[in-house]
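The next block holds one structure in the form of structure tokens; read it before the comments.
Every number here is computed from the coordinates shown, using simple stated rules; none is lab data. Predicted model, so just to flag it, every value in this text is computed and none were measured. Glycine also receives a Cβ, built like all others from the backbone with ideal geometry; neighbour counts cover every protein chain displayed.
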């Protein structure tokens, strides 16, 4: 059964494993530094669908179906899916997963959704409420831009602090079957809001939440950053990563030697229009479930902290002049090979 470690961290002593994982990517991501790592990569971001929203649903469906095939299961073998996305009422998940017939609990944590769904799936598994659970999320550049910023055909200039919403998805099968990758603990994030209102500077809005969650985990577990092979944040981008390093120094921790960010990793620095890097639910999901999972399985990585970050904004709140509350959830993952 799950148990408390310190004030905010939940330990999973019974053994919860990531049995299998799948990363899906769009065309821009396919041509990036991690392009060869993805299980599925599309040349056309429409996925032959009539709308961008239908394309994202198809992408999330592809992630789960590929995961089941890779693991040798059918939908009836899965007890529950925890899924989410950035669209209103998690419509990419609803429409993408409806044909599978698997019990579904939708989640919204903005770009932190992959870690949030993994936390929920892990606790379900550790408690015995499920024996096999899927955690999945997705994002699509065109659907996110249309909902949160401006019409694509407007042609607005992107600011230097802006990030490019990743067209991608990630799905992980979490179970109590022993496998090479294990989830040891998790720390649920809390809302941190430093009153930043610039929707084109997500890194600055989310870095304080990442620092808060990482600091609480390290204090609860009485560990230091140097004890981990990698502290992987979700999508702070280059600017947000610099801010996180400074905030952690102020808390008494130096993460510079072990930190990396999915938003920095997924695109080349000189890629057109990405500016500070990648963002979106699919950013951390696709990187974790492909490149990072492969490194854990090979033994190249043994002990990591996955910290997905999310800006809990909405168009309505932005129009009303609200600031951007942010959150970060942490999953402690180890290789048992």
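A few comments on the model shown:
- Within segment 274-318, being in a loop (DSSP other than H, G, I, E, B) and in contact with a strand residue (DSSP E or B) (Cβ under 8 Å, 6 or more places away or on another chain) holds for 274, 275, 277, 280, 299, 301, 302, 312.
- Qualifying residue in segment 1-18 (condition: under 20 Å from the mean Cα position of the chain (by Cα) and assigned to a helix (DSSP H, G or I)): no
- Pairs where the first residue, in segment 110-130, is surrounded by fewer than 24 Cβ atoms within 10 Å (Cβ to Cβ) and the second is part of a helix (DSSP H, G or I), C-beta under 7 Å, 6+ apart: 130/124
- Taking segment 80-115 as the range and being touching a strand residue (DSSP E or B) at 6+ places or on another chain (Cβ under 6 Å) and assigned to a loop (DSSP other than H, G, I, E, B) as the test, the residues that pass are 85, 86, 102, 103, 107, 108, 110, 112.
- So residue 37, is it on the phi > 0 side of the Ramachandran plot, within 20 Å of the chain's Cα centre (by Cα) and surrounded by 15 or more Cβ atoms within 10 Å (Cβ to Cβ): no
- Verdict on residue 73 being assigned to a loop (DSSP other than H, G, I, E, B) and more than 26 Å from residue 272 (Cα to Cα): yes
- Scanning segment 25-52 for residues that are in a helix (DSSP H, G or I) and either without any contact (Cβ under 8 Å) to a residue 12 or more places away in the chain or within 22 Å of residue 116 (Cα to Cα) (or both) yields a total of 2.
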